[in-house]
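Trainee: Submitted below is the structure of interest, expressed as structure tokens.
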Amino acid sequence: QCCGMFAGKRLDEVEGHVFKESSRINSTFGGNLVDMVRFTLYLEVIEQEDLVQKAAENGEYLLTSLLKLQDDHEGLVSNARGKGLFCAYDLPTGEQRDTLTNLLEEEGALVLGSGHRSIRFRPNLNINIKEIDTGISMMRNALARL
């Protein structure tokens, strides 16, 4: 998740703005007017495109795919779990997890290690089945090389 913004000299009219008070720019909960307007637009898109329902449906598909991956790689992939699009699975060791994340990067997938031996997924709300299938295929290829 990357973002940026352009700012002019008017920014200095705000005492303790984000470039003077470091804790303000990295705060998940530190809102400002621009963020509030942007988030209002995000909520409109989420509602108009029914992304909550789609996330539930696609999350179920993702979890089912991860459970199949677990069945196909017994002893290597375990504890596949998820709620909506937030999903994860475990590998036997952190070293194997780290090796797999590197192999997945070679396949073209960026994944997030979590905890001591887990890989977790937080895809965009608008991910589709084809993209999930592509990711699962990348995981199958990487697991075959592990």
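Trainee: Could I have the simple spin-label model distance between E131 and E44, label points 7 Å from Cα toward Cβ, reported in nm to one decimal?
Mentor: 2.2
Trainee: Pulled fully out, how much extra length does the chain show between F86 and E105, if you take 0.36 nm times their separation in residues and subtract their Cα-Cα distance? Don't skip to the answer; put the middle values down first.
Mentor: Numbers: separation 19, 0.36 × 19 = 6.84 nm, distance 1.96 nm.
Once the chain is fully extended between F86 and E105, it gains 4.9 nm.
Trainee: Modelled label-to-label distance, V37 and E21, 7 Å Cα→beta-carbon offset: nm?
Mentor: Here the answer is 2.1 nm between the modelled labels.
Trainee: So, in nm, how far is label V52 from label E13 when the simple model puts each one 7 Å beyond its Cα toward the Cβ?
Mentor: Rounded to a tenth, the inter-label distance reads 3.7 nm.
Trainee: For the chain, just the Cα set please: Rg and Dmax, both in angstrom.
Mentor: Final numbers for Rg and Dmax: 19.4, 60 Å.
Trainee: Just how far, in whole angstrom, is the stretch 33-62 from the stretch 110-144 if you go by their alpha carbon centroids?
Mentor: Comparing the Cα centres of the stretch 110-144 and the stretch 33-62, I get a distance of 20 Å.
Trainee: Work out which helices of the chain, taken as complete DSSP H runs, extend at least 15 Å along their axis over the Cα atoms and score a mean Kyte-Doolittle of 0.5 or more, then list them. Could the numbers behind the result be given before it?
Mentor: Details: long enough: 33-48 (23 Å, 0.79); 51-72 (30 Å, -0.22); 94-107 (20 Å, -1.39); 129-145 (24 Å, -0.04).
Once both thresholds are applied, what remains is 33-48.
Trainee: When the helix-only estimate is applied to the chain (DSSP H runs of n ≥ 4, each -39,500 (n - 2.57), divided by the residue count), what is the mean residue ellipticity at 222 nm, nearest 500 deg cm²/dmol?
Mentor: Details: 5 runs with 73 residues, N = 146.
Helices in the chain give a 222 nm mean residue ellipticity of -16500 deg cm²/dmol.
Trainee: Moving to a separate point now. For Y89, Y42, which order do you get if you count the other beta carbons within 10 Å of each Cβ and list the fewest first? Don't skip to the answer; put the middle values down first.
Mentor: Values: Y89 24, Y42 12.
Least crowded to most crowded, the residues run Y42, Y89.
Since every read-out is calculated from the coordinates, none of them should be taken as a lab result. None of the values given here were measured: they were computed from a predicted structure. Counting neighbours? That spans all protein chains shown, and the Cβs are built from the backbone with ideal geometry, glycine included.
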